């Protein structure tokens with residue numbers, strides 16, 4: 001008897017909770033397949049470019065021109081927005097670049113566990129094909145890049 005009374009009450013509470021869920025109402029990226037840094041209600045485009053790849057015996061070096069990115073954030077755990085059309089958000093990886101000889105570079109070793117490591121990201125669907133991607137660990141000051149793991153396309157930024 002008590003169960004027949006509680007069940008409708010619990011179901012009513014669950015439906016109210018679901019109705020209370022709000023749609024995303026923040027800023028939206030003006031271009032699809034471009035990553036934007038989210039600063040309050042402002043979107044800052046990352047530096048979208050193609051990494052130059054050099055293969056050597058047991059390693060691959062990826063290089064970006066210039067010593068620093070044009071996209072900068074003071075946030076140690078930056079948040080990005082992506083309006084996805086072609087880029088799959090769950091295939092994006094985060095790497096730190098070293099500055100050497102006036103350019104940024106990332107060295108990845110083949111076979112051995114040495115060189116660049118993938119940093120942790122959190123991906124959440126906000127609405128339709130709009131995604132929030134954020135660093136899931138604090139980043140030190142430096143040069144970074146988000147990149148689909150099957151491409152040399154990079155979205156560079158600097159944490160300062």
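Side notes on the structure shown:
- Residue count for region 54-65, restricted to those that are surrounded by 14 or more Cβ atoms within 10 Å (Cβ to Cβ) and farther than 24 Å from residue 138 by Cα: 3
- With respect to the stated conditions, residue 80 fails to be over 17 Å from residue 43 (Cα atoms), buried (at least 17 other Cβ atoms within 10 Å of the Cβ) and at pLDDT 95 or above.
- Filter result for the condition that a residue is crowded, with 16+ Cβ neighbours inside 10 Å and modelled with pLDDT under 95, over 51, 116, 71, 40: 116
- A single entry from 93, 105, 134, 143 fulfils the requirement of being within 10 Å of the chain's Cα centre (by Cα) and closer than 16 Å to residue 62 by Cβ: 93.
- Filtered by the rule that a residue be at pLDDT 95 or above and outside any strand (DSSP E or B), region 94-113 gives a lone residue, 102.
- Filtered residue count, region 126-160, keeping only those that are assigned to a strand (DSSP E or B), out of contact with any helix residue (DSSP H, G or I) (no Cβ under 8 Å at 6 or more places or on another chain) and within 23 Å of residue 29 (Cα to Cα): 18
- The C-beta contact set for region 70-93 (first residue at positive phi and part of a strand (DSSP E or B), second residue modelled with pLDDT under 95 and exposed (fewer than 15 other Cβ atoms within 10 Å of the Cβ), distance under 9 angstrom, 6+ apart or interchain) is empty.
- Pair list, Cβ under 6 Å, 6 or more apart: region 138-160 residue without any contact (Cβ under 8 Å) to a residue 24 or more places away in the chain, other residue in a loop (DSSP other than H, G, I, E, B): 141/160
- Complete set of residues in region 38-63 that are in contact with a strand residue (DSSP E or B) (Cβ under 7 Å, 6 or more places away or on another chain), more than 16 Å from residue 78 (Cβ to Cβ) and in a loop (DSSP other than H, G, I, E, B): 51, 58
The values are calculated or read from the model by the stated rules, or taken from the named source; none is laboratory data. None of these values were measured; they are calculated from a predicted model. We place every Cβ from the backbone using ideal geometry, glycine too, and count neighbours over all the protein chains shown.
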